[in-house]
1. Which pairs have Cβ atoms under 8 Å, sit 6 or more apart or on different chains, and link a residue in segment 280-291 that is over 13 Å from GLN257 (Cβ atoms) to one that is of a type outside the set (Gly, Ala, Ser) and part of a helix (DSSP H, G or I)?
2. Whether any residue in segment 167-181 is more than 21 Å from SER23 (Cα to Cα), among the hydroxyl-bearing types (Ser, Thr, Tyr) and modelled with pLDDT of 95 or more is what I want to check.
3. Identify the residue in segment 142-157 that is within 27 Å of THR236 (Cβ to Cβ), out of contact with any Cys (no Cβ under 9 Å at 6 or more places or on another chain) and touching a residue at least 12 places away in the same chain (Cβ under 8 Å) and, among all such residues, is surrounded by the most Cβ atoms within 10 Å (Cβ to Cβ).
4. Which one of these is surrounded by 17 or more Cβ atoms within 10 Å (Cβ to Cβ), over 27 Å from LYS164 (Cβ atoms) and among the aliphatic types (A, V, I, L, M): VAL107, VAL99, VAL88, VAL59?
5. For ASP130, which of the numbered conditions (1) within 12 Å of the chain's Cα centre (by Cα); (2) among the charged types (D, E, K, R); (3) open to solvent by 40 Å² or more (accessible area, probe 1.4 Å) fails to hold?
Amino acid sequence: MHNPTPGLPEFDYIKPASLAEASQFLAQHSGEARPFMGGTDTFVRMRDGFWKEKYLVDVKNLDGMSQINFDPATGLTIGASVNMNRVVASPEVKEYYPVLAEAAHTVASYQLRTRATIAGNICNASPAGDTIGACLVLDGSLQVHGMDGVRQEPLSTFFRGPGKTVLKPGDIATAVLFPIPPRHYAARYIKLGRNAIGDLAIVGVTALGYPDSSAPSGYRFRLALASVAPVPFRPTQAETILTQQSITATTIAEAAQAAMDACTPIDDVRGSARYRKLMVRNLTQKAVSEVWGAISRR
Ligand SMILES: Cc1cc2nc3c(=O)[nH]c(=O)nc-3n(C[C@H](O)[C@H](O)[C@H](O)COP(=O)(O)OP(=O)(O)OC[C@H]3O[C@@H](n4cnc5c(N)ncnc54)[C@H](O)[C@@H]3O)c2cc1C
């Protein structure tokens with residue numbers, strides 16, 4: 001029978017004292033325990049009956065996971081449990097990685113962003129995750145604490161399918177890492193939603209470009225597409241066109257067409273596959289043109 005007032009099912013709340021303890025618990029209870037931080041995906045999925053974990057493991061206050069650090073030699077470290085409002089407000093993010101703040105700002109509402117994290121957005125592995133494209137074009141990676149110690153997982157090979165990643169039982173993301181971005185770059189995130197705020201993306205396009213004298217066009221571009229394939233991804237053929245051919249309106253249109261051709265979207269409540277494809281072409285053209293406008297003036 002339909003339950004008009006759904007609530008959370010019973011579960012045990014676990015608060016480990018260290019990362020080692022947390023990894024061990026998660027590995028020992030594989031399949032029945034799940035880590036969480038902001039809980040904005042986790043509790044909704046539990047409430048709606050999609051996830052039935054016996055244990056929810058609160059990892060957000062463990063060792064160094066709530067810090068943002070910028071090092072001019074190595075780049076940016078965003079602790080996994082740093083909420084999106086802190087990312088948006090961070091002076092270092094605004095100065096060196098503004099596209100990350102731009103993308104985080106499109107997520108839901110201010111209230112939700114006091115809980116939601118970028119690492120949670122990544123680990124949730126929704127094809128529509130709004131911050132994932134910015135993380136991909138900024139060459140981000142995830143720092144992971146697992147049963148065999150600490151390692152880095154590049155985001156380029158992290159996603160395996162909707163809700164699926166390379167993480168193994170016992171793995172806990174502890175930070176998102178970004179190298180120093182290319183000199184004189186510009187980047188943009190364009191999100192198409194059903195309304196101006198508070199909805200998941202029908203299509204999300206991220207574009208980053210920068211001058212590079214070793215490229216035949218004199219520039220390199222990195223693009224990322226959301227909500228148009230089982231995982232967020234970089235349309236490499238479109239990137240190659242912008243690297244190989246001198247950049248004109250025709251080249252940008254050709255790259256936008258290649259981005260569209262790389263998509264394999266589905267029909268759902270937010271939009272049809274055909275609409276999504278066409279919007280990828282339009283929004284890629286818009287995002288690349290804006291980035292090109294910014295970098296060609298420098
Ligand atoms: C009303 C509403 C609106 C939303 N709007 C948007 C939107 O506009 N755009 C968008 O992209 N998303 C949206 N979301 C989804 C969600 O807010 C984001 O995906 C958010 O970034 C998740 O972060 P979190 O910290 O809350 O994740 P959590 O719910 O804590 O975790 C998410 C997933 O990551 C795993 N996980 C959490 N922490 C770790 C860890 N340290 N190591 C390994 N795995 C971990 C969890 O097990 C779970 O699978 C919305 C959600 C709601 C409820």
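The values are calculated or read from the model by the stated rules, or taken from the named source; none is laboratory data. Values in this document were obtained by computation on a predicted structure and should not be read as measured data. Every residue, glycine among them, receives a Cβ derived from its backbone with ideal geometry; neighbour counts consider all protein chains shown. Note: areas computed on protein heavy atoms with side chains; ligands, DNA, RNA excluded. Shrake-Rupley method; radii C 1.70, N 1.55, O 1.52, S 1.80 Å.
1. SER289/ILE252
2. No, segment 167-181 has no match at all.
3. So the residue we want is VAL144.
4. Values: VAL107 fails: over 27 Å from LYS164 (Cβ atoms); VAL99 fails: over 27 Å from LYS164 (Cβ atoms); VAL59 fails: over 27 Å from LYS164 (Cβ atoms).
From the options VAL107, VAL99, VAL88, VAL59, the qualifying one is VAL88.
5. (3)
Residue-by-condition table, conditions (1) closer than 27 Å to PHE70 by Cβ; (2) open to solvent by 70 Å² or more (accessible area, probe 1.4 Å):
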site	(1), (2)
ASP199	no, no
ALA207	yes, no
SER217	no, no
ALA226	yes, no
VAL231	no, no
GLN237	no, yes
LYS277	no, no
